[in-house]
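What follows is a short report on a single structure.
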């Protein structure tokens, strides 16, 4: 439960919004920028904007999310708290997970998810991105205190222990690992690059096995709001059948190494520490 008698404590509900609805609501609260929410009105002519915004406000009023007071839109109390957390969050975490080991009805399926976690001092709102009828929707839900939210993020990553056999750090030009995973980079070329960097044959082989048959690939990115800018840090996680790999990008390279679950959790915590 949220501490401090928050109205979110009374009922944790899910609110589903289109990008335009979410954007208009954050505008009502005075937000200048919200991580994960691009301007859905981009391309709309200036003279069309008043009518388009009025249409979205009517949708929100009919849904019971806002009410007009002296002709001005106001958010209902519970939604106001959700939107204010998203609008004013100093810390936002973006988590994208591609889990290729989901089993449904005895068949292996791939499941992808993408969420933003907006932090306040005592509550976190999760916005999960979903495509419904080919339209991008934001499903907002309060998920507890920052400590509770962190545990849910760890659960979403579905970390699984793997034996750590190669302590060395590998290095690839930035973006090459992603190209390799997506078949845009030949395995032989990537392996040759690693060998030129001095990587051992055992390490190259183990990484190649994980890339060839990945069980999960996740991207964890933290955004910290400064006065007029954002500080951004992140890591990526690759889980194969034989090993877990942590990928830490720098300006020019991806630093790649095997890691235990304990080391992965520590790396995730370090991401938060580095941006504050």
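Structure summary
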read-out	value
Top-ranked residue in the stretch 182-192 [being surrounded by fewer than 18 Cβ atoms within 10 Å (Cβ to Cβ) and in a helix (DSSP H, G or I); ranked as modelled with the lowest pLDDT]	187
Among residues of the stretch 38-68, those that are in a strand (DSSP E or B) and either under 16 Å from residue 23 (Cα atoms) or modelled with pLDDT of 95 or more (or both), counted	1
One residue from 135, 151 being modelled with pLDDT of 95 or more and loosely packed, with under 15 Cβ neighbours inside 10 Å	151
Scan of the stretch 154-176 for residues that are in contact with a helix residue (DSSP H, G or I) (Cβ under 6 Å, 6 or more places away or on another chain) and surrounded by fewer than 15 Cβ atoms within 10 Å (Cβ to Cβ), ordered by number	161, 168
Residue that is in contact with a strand residue (DSSP E or B) (Cβ under 7 Å, 6 or more places away or on another chain), within 29 Å of residue 276 (Cα to Cα), in the same structural domain as residue 88 (by TED's automatic domain parsing) and surrounded by 14 or more Cβ atoms within 10 Å (Cβ to Cβ), where the choices are 235, 143	143
Residue 73 more than 27 Å from residue 223 (Cβ to Cβ), surrounded by 16 or more Cβ atoms within 10 Å (Cβ to Cβ) and at pLDDT below 95	yes
Some residue of the stretch 20-29 being part of a strand (DSSP E or B) and within 20 Å of the chain's Cα centre (by Cα)	no
Selection status of residue 30, in the same structural domain as residue 124 (by TED's automatic domain parsing), surrounded by fewer than 16 Cβ atoms within 10 Å (Cβ to Cβ), closer than 27 Å to residue 114 by Cα and at pLDDT 90 or above	yes
Those residues of the stretch 124-165 which are under 20 Å from residue 15 (Cα atoms) and part of a loop (DSSP other than H, G, I, E, B), in sequence order	133, 134, 143, 144, 145
Only listed residue being buried (at least 20 other Cβ atoms within 10 Å of the Cβ), in a helix (DSSP H, G or I) and modelled with pLDDT of 90 or more, chosen from 203, 222	203
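The values are calculated or read from the model by the stated rules, or taken from the named source; none is laboratory data. Here the structure is a predicted model, which is why all the values come from computation and not from measurement. Please note: Cβ atoms are built from the backbone with ideal geometry, for glycine as well, and neighbour counts cover all protein chains shown.
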